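So the structure is just underneath, and the comments pick up after that.
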Amino acid sequence: MSIVYLNGEYLPMEQAKISPMDRGFLFGDGIYEVIPSYQGKLVGFGPHIDRMNNGLNSLDIQFIYSHDQWREIATTLSEKNGAGNLGIYFHVSRGADTKRNHAYPEDLTPTVFAFAFEIPPEPVADRNLVKRYKVSTMQDLRWRQCNIKTTALLGNVMHYQQGYSEGNDETILYNERGEMTEGSAVNAYIVKEGKVITPSLDKQILPGITRLILLDVLRQQSSIPVEERVVTMDELRNADEVWLSSSSKEVVPVIEVDGQPVGDGKVGDIWQKAQALFSAHKYNY
Ligand code: PLP
């Protein structure tokens, strides 16, 4: 039985209830995070909480737990749910109102929900074992503030579903200028002539914590050059390697884009090095 956290209490999932008037339900008015926990060891905890606080500030949701309070919840959920390989999900919505108004009153009490779910074992840098991704591409039709990790994910869901219905594992998105942004639930990278290139942080992409850790590890622990800049869709199509990253996947190699092989269609050497470096250093963040 899964034990969850709701507004200060730990209780069985079936007993956790929230109001249908919650603005998270009615408007997707909230912020969430997913933090990987392998045998109780968290990856990127501090940056995840910082990003959640930035998002809450951006949405003007007046709510802050300290890092220690969030850590306590993560640790307790891990202990109560078997302490294996878990994703720790945190969700803060603006709370329940008495009426459905787009405008929100100042004095709502935010709803805080957290639960743990099983995730696969830690990824390893082994080209024979890694799952190889195939992706579709689509113009990015989501809203224009993708740097905020809001729970209003319908645009992402629609993009993901489109790629999935074409038999792909993710959808890489591009803007109206034909520049790659990110995937529906991942950041995206190309490798060209040994250099790792990924779009710069702006309102078009989520500042991924895996991206943050990966770029830092590559810069501090390797001689692999890294560039943050515009990546065109032509560059994506001519890349030697393409990668995706997220907390639940770490770094994954893409071998096919829109049915065409990436490079020689095999998992690349630089991916192998990057995932190995990520595995070696991720707990330092
Ligand atoms: N981009 C989007 C749209 C996402 O939803 C996510 C993760 O949910 C990411 C990128 C990767 O972010 P992180 O590495 O923090 O999991």
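The residue that is nearest to residue 5 (Cα to Cα), among those in the stretch 54-96 that are among the polar types (S, T, N, Q) and assigned to a loop (DSSP other than H, G, I, E, B), is 81. In summary, residue 104 fulfils each of the numbered conditions (1) open to solvent by 70 Å² or more (accessible area, probe 1.4 Å); (2) modelled with pLDDT of 95 or more with the single exception of condition (2).
The residue that is surrounded by the fewest Cβ atoms within 10 Å (Cβ to Cβ), among those in the stretch 206-221 that are free of Cβ contacts under 8 Å to residues at least 40 places away in the same chain and under 13 Å from the mean Cα position of the chain (by Cα), is 211. Among the residues of the stretch 231-265, those identified as open to solvent by 50 Å² or more (accessible area, probe 1.4 Å), assigned to a loop (DSSP other than H, G, I, E, B) and free of Cβ contacts under 8 Å to residues at least 60 places away in the same chain are 238, 240, 264. You will find that of 125, 116, the residue that is open to solvent by less than 20 Å² (accessible area, probe 1.4 Å), away from the ligand (no atom under 14 Å from the Cβ) and over 19 Å from residue 29 (Cα atoms) is 116 and no other. If you go through the stretch 152-188 and keep only what is in contact with a Pro (Cβ under 9 Å, 6 or more places away or on another chain) and within 14 Å of the ligand (Cβ to nearest atom), you end up with 180, 181, 182, 187, 188.
Before we move on, is residue 20 within 22 Å of residue 157 (Cβ to Cβ), without any contact (Cβ under 8 Å) to a residue 40 or more places away in the chain and either more than 16 Å from the ligand (Cβ to nearest atom) or open to solvent by 40 Å² or more (accessible area, probe 1.4 Å) (or both)? Answer is yes for this residue. Residues in the stretch 115-128 that are aliphatic (A, V, I, L, M) and over 16 Å from the mean Cα position of the chain (by Cα): 124, 125.
Filtering the stretch 54-72 down to residues that are over 20 Å from the mean Cα position of the chain (by Cα) and open to solvent by less than 70 Å² (accessible area, probe 1.4 Å), which residue is farthest from residue 113 (Cα to Cα)? Per the stated criteria, the residue is 60. For residue 211, state whether it is in a helix (DSSP H, G or I) and of a type in the set (Lys, Arg). Criteria met by residue 211.
For the stretch 140-174, filtered to residues that are over 17 Å from residue 207 (Cα atoms) and part of a loop (DSSP other than H, G, I, E, B), the residue that is most open to solvent (accessible area, probe 1.4 Å) is 141. Any chance the stretch 79-94 includes a residue that's exposed (fewer than 14 other Cβ atoms within 10 Å of the Cβ) and out of contact with any helix residue (DSSP H, G or I) (no Cβ under 9 Å at 6 or more places or on another chain)? Yes: one or more hits.
The values are calculated or read from the model by the stated rules, or taken from the named source; none is laboratory data. Every value quoted in this text rests on a predicted model; they were computed, and no experiment measured them. Don't worry about glycine lacking a Cβ; one is built from the backbone with ideal geometry, like all the others, and counts go over all protein chains shown. Accessible surface is based on the protein model in full, side chains and every heavy atom, while ligands, DNA and RNA are left aside. Shrake-Rupley method; radii C 1.70, N 1.55, O 1.52, S 1.80 Å.
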